[in-house]
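The values are calculated or read from the model by the stated rules, or taken from the named source; none is laboratory data. Just so we're clear, the structure is a prediction, and the values are computed from it rather than from any experiment. With ideal geometry, Cβ positions are generated from the backbone for all residues, glycine too; neighbour counts draw on all protein chains shown.
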Amino acid sequence: MVRVRGLIVALVLGAMAVGCAQSQPAGRGPQSASRDTAPAPATQPAPRADAGAARPTGEHPPNIILITTDDQAPDTLHFDGNSYIRTPTLDRLAAEGVYFPRAYVVVPLCAPSRAALLTGRYPQETGVRTNAEARLPDGLPTFAQLVRSRGYRCGLVGKWHLGAPEARAGGFEDYWVTWAADEASRKTKYTRPVLYVNGELKEHRGPLTDVLTDYALQFIDESGEQPFLLWLSHPAPHEPRVADKRFFYDRASVRLPASMKDDLTGKPVRQRQSECHRSIDQYPKAILKREIAAYYSMIQGVDAAVGRLIRHLEQRGLAQRTLVIFTSDNGLLLGEHQMVAKNCPVLYEELVRVPLLFWQPGAVPAGVRRTELVSLMDLFATIVARAGAPNVQTPSRDLWPLIVGAGGAGRDALFVQYYGRGDETPGPPLIGVITPRHKLVAYAEGDDQEKELYDLLADPLELKNLAGATGYEETQRRLEGMLAEFAAAGGGPR
């Protein structure tokens, strides 16, 4: 069996060198079931960023709105099987657009995930491996910088987390409204938000999600006939969880996640030793249900705000000219596998998989569900190609052919990583390879007990670790070979 210690050392050195079948999702509501892990065929490589189809000459440039949430797990969508949560707007976008249930982040942590999304590159290139390294390096273009070169007006509204919140950066210099993320404002960020508005610090009253949406609509209106790119980056439902009083969920009726029964037997020792697992003792069932109820309330608050934005586009005749993308920077554990939080030494589906929706009437087909594997960093190439902006070579892939059914394929494998808590020096990474059916996770030091292998089709809750199990030797060797290939490329293109 291929050893993985050497390949992880190679990943660490590479990072230092650059700067240092189908089923229902496992919901937390009453209708909890297993997540969508149906394998999708991938028979040909999807186009890379430098091969994306540019817009036809003379076509009106599409406006592009990227809406992200913070810490929204994949099982928080009503239309995808969680009957407890109410997400009418996202339900509509799925009915009128394209949904990818198997979209994965590169790192399940705020800053590294956002850096990968913005640049289309792995942390080995961005140098952003933890939240402690939350600053984009010079010389790596973002999708906003490339799109801006095509005459787009580019704006950011919401959470930045890749540098000083007051400094306009990343190509969003035209319009910059960011949350002032200091401890004082953090305590009241959802009720009395303090924002930098184009360089000026301003205090606000009212729900943060609504205040940010106000600024987003202002940006749209001020853009006039100029094509625009807007990143509406909602901090919700990130903690501290403050329930939106307009959207009530009865905590008593909340159903705890099915994978909470996981006692971590046969799992790596570090999982049982992690703070994420130890903290479960601070969450008796009543408190955990309260957290989940508030979490759902915040997500429905975002859903309502997205509905307001969609109606605004329709009222101004912009809906058919505007591509709307909805996703999250990472997922969250709220009791799954007896863990609470996201900054955990694990790569479970609830952390690394996120919602991904595309909507544009007349351009994006309606009611399509694509089960191919895609990476969140593929949004870089997709946005750049849709704007007809100059392309650059990155590991990102243009999803547009998949979205409109014009060929292409999902990834045969994708890679996720975790380098440690944001308040620590990055350590040897935890890395995982995910294929349409299996997931292998390799730890920094590892005999077979310190690896995880899951059959995502047979065991979507990832309860049984198959690493070293009889009958899975060839599967494990094959996936270890993929990790070795990834490491040999320095964590680069695949």
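For ARG270, indicate whether it is under 16 Å from TYR348 (Cα atoms), part of a helix (DSSP H, G or I) and out of contact with any Leu (no Cβ under 7 Å at 6 or more places or on another chain).
Here the answer is yes, as ARG270 does meet what is asked.
Among the conditions (1) among the small types (Gly, Ala, Ser); (2) out of contact with any Asp or Glu (no Cβ under 9 Å at 6 or more places or on another chain); (3) at pLDDT below 90, the only one that ALA132 does not satisfy is (2). Tell me, please, whether a residue that is crowded, with 24+ Cβ neighbours inside 10 Å, within 16 Å of the chain's Cα centre (by Cα) and not in a loop (DSSP other than H, G, I, E, B) can be found in segment 76-89. No, every residue in segment 76-89 fails to be crowded, with 24+ Cβ neighbours inside 10 Å, within 16 Å of the chain's Cα centre (by Cα) and not in a loop (DSSP other than H, G, I, E, B).
Using the structure shown, decide if CYS276 is under 25 Å from ILE434 (Cβ atoms), at pLDDT below 95 and assigned to a helix (DSSP H, G or I). Yes; evaluated as a whole, the condition is true for this residue. Every test in (1) part of a helix (DSSP H, G or I); (2) charged (D, E, K, R); (3) closer than 21 Å to TYR215 by Cβ is passed by GLU125 save one, and that test is (3). Residues that are over 19 Å from PRO165 (Cβ atoms), under 18 Å from the mean Cα position of the chain (by Cα) and part of a helix (DSSP H, G or I) within segment 90-118 comprise LEU90, LEU93, ALA94, ALA116, listed in sequence order.
Applying the criterion of being in contact with a strand residue (DSSP E or B) (Cβ under 8 Å, 6 or more places away or on another chain) and closer than 11 Å to LEU334 by Cα to the residues of segment 252-278, the residue that is surrounded by the most Cβ atoms within 10 Å (Cβ to Cβ) is PRO257. Against the conditions (1) over 16 Å from the mean Cα position of the chain (by Cα); (2) closer than 16 Å to PRO112 by Cβ; (3) among the polar types (S, T, N, Q), GLN338 satisfies every one except (2). The criterion of being closer than 27 Å to THR119 by Cβ and outside any loop (DSSP other than H, G, I, E, B) holds for LEU156.
Which residues, taken from segment 135-149, are within 25 Å of PRO401 (Cβ to Cβ), in a loop (DSSP other than H, G, I, E, B) and out of contact with any helix residue (DSSP H, G or I) (no Cβ under 8 Å at 6 or more places or on another chain)? Result: SER149, single match.
Can you work out which of the residues in segment 418-470 that are modelled with pLDDT of 95 or more, in a strand (DSSP E or B) and charged (D, E, K, R) is nearest to ASP329 (Cα to Cα)? Once the filter is applied, the top-ranked residue is LYS439.
Does LEU109 count as buried (at least 23 other Cβ atoms within 10 Å of the Cβ), at pLDDT 95 or above and not small (Gly, Ala, Ser)? When the stated conditions are applied, LEU109 does not pass them. As a summary of the residue check, ASP281 satisfies the conditions (1) modelled with pLDDT under 95; (2) under 21 Å from ASN330 (Cβ atoms) except for the one numbered (2).
The single residue among ALA132, ALA164 that is in a helix (DSSP H, G or I) and surrounded by fewer than 21 Cβ atoms within 10 Å (Cβ to Cβ) turns out to be ALA132. All told, GLN72 falls short of being closer than 22 Å to SER375 by Cβ and in a helix (DSSP H, G or I).
The residue pairs whose first member lies in segment 131-147 and is small (Gly, Ala, Ser), whose second member is surrounded by fewer than 21 Cβ atoms within 10 Å (Cβ to Cβ) and in a loop (DSSP other than H, G, I, E, B), and whose beta carbons are closer than 6 Å, counting only pairs six or more residues apart or on different chains, are ALA132/GLY422.
So that you can scan it fast, the table gives a plain yes or no per residue for (1) crowded, with 19+ Cβ neighbours inside 10 Å; (2) in contact with a helix residue (DSSP H, G or I) (Cβ under 7 Å, 6 or more places away or on another chain); (3) at pLDDT below 95:
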| position | (1), (2), (3) |
| --- | --- |
| PRO45 | no, no, yes |
| ASP50 | no, no, yes |
| GLY58 | no, no, yes |
| PRO61 | yes, no, yes |
| ILE64 | yes, yes, no |
| THR68 | yes, no, no |
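Where strands (runs of 3 or more DSSP E) fall wholly inside segment 169-258, the ranges with 2 or more residues that are farther than 30 Å from GLY388 by Cα and not β-branched (Val, Ile, Thr) are 194-197, 200-203. Restricting attention to segment 213-251, the residues being surrounded by 19 or more Cβ atoms within 10 Å (Cβ to Cβ), touching a Phe, Trp or Tyr at 6+ places or on another chain (Cβ under 8 Å) and of a type in the set (A, V, I, L, M) number 5. Of the residues making up segment 117-158, those that are closer than 21 Å to SER375 by Cα and not polar (S, T, N, Q) number 18.
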